[in-house]
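Have a look at the structure below before the remarks.
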Amino acid sequence: MLGLKLATDPRWVNIVEKDIAEILTDHAWCEQKAASNAISLTVHFPDHTELVNAMIELAQEELSHFKMVVEKLTERGLVLGRQRKDEYVNDLLHFVRKDGDKKNVLLDKLLFAAMVEARSCERFRILSENFSDPDLKTFYHNLMASEAGHYKLFISLARKYIDREIVDKRWQEFLEYEAKIISNYGKAVGMHG
């Protein structure tokens, strides 16, 4: 369904399990950034009513996920810690068109968000299948479906505002680009590490 060209090695979980505080902190901040991205889309495209309404709901859901992850940290006697830099996201941003035709900018912003959600969904699946901690296994299984829904939302919004053929072609370009950069990741603790 996701179409990712390069799968994460399931042994990534072995790295993650060595530092639960770090993965949960990184995950929490990823949820916060996703909420901020949804709000940013409403700021940049206020005349797209369906997008605005969808992004308001998404921002609320992402903030609820942020809260859920912070609660997992608290349950374990851990603290949130400072926001982490997400090198994967920064690498992916290099592919996003930021100037020029407004439709191209909208398309790339939506596909960028879809890509981050798709990779996060894939990582959640790996955690839900391979974590030795049963509580976290269930936690990530439950979040996985939500991430898949977010991925679908961004793709469907792109197809609402831009011709499907253009969207699908650009999505394939995103998938190819992401396959090149993701090969640098999966070796560190972090949701996209």
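Taking first residues from segment 39-58 that are free of Cβ contacts under 8 Å to residues at least 24 places away in the same chain and partners that are outside any helix (DSSP H, G or I) and surrounded by 13 or more Cβ atoms within 10 Å (Cβ to Cβ), the Cβ contacts under 8 Å between residues at least 6 apart in sequence or on separate chains come to Val52/Phe45. Picking from residues in segment 140-191 that are among the charged types (D, E, K, R) and crowded, with 20+ Cβ neighbours inside 10 Å, the one that is farthest from the chain's Cα centre (by Cα) is Glu178. Considering (1) touching a Lys or Arg at 6+ places or on another chain (Cβ under 7 Å); (2) within 20 Å of Lys18 (Cα to Cα); (3) crowded, with 20+ Cβ neighbours inside 10 Å, the lone condition that Leu107 does not fulfil carries the number (2). For first residues located in segment 81-95 and of a type in the set (S, T, N, Q), partners that are modelled with pLDDT of 95 or more and lie 6+ apart or on another chain with Cβ distances below 7 Å form the pairs Gln83/Trp29. None of Leu78, Leu93 is closer than 17 Å to His192 by Cβ and out of contact with any strand residue (DSSP E or B) (no Cβ under 9 Å at 6 or more places or on another chain) except Leu93. In summary, Leu153 fulfils each of the numbered conditions (1) without any contact (Cβ under 8 Å) to a residue 24 or more places away in the chain; (2) closer than 22 Å to Glu178 by Cβ; (3) part of a helix (DSSP H, G or I); (4) not basic (Lys, Arg) with the single exception of condition (1).
The values are calculated or read from the model by the stated rules, or taken from the named source; none is laboratory data. Note that the structure is a prediction, hence the values are computed from the model and not measured. We place every Cβ from the backbone using ideal geometry, glycine too, and count neighbours over all the protein chains shown.
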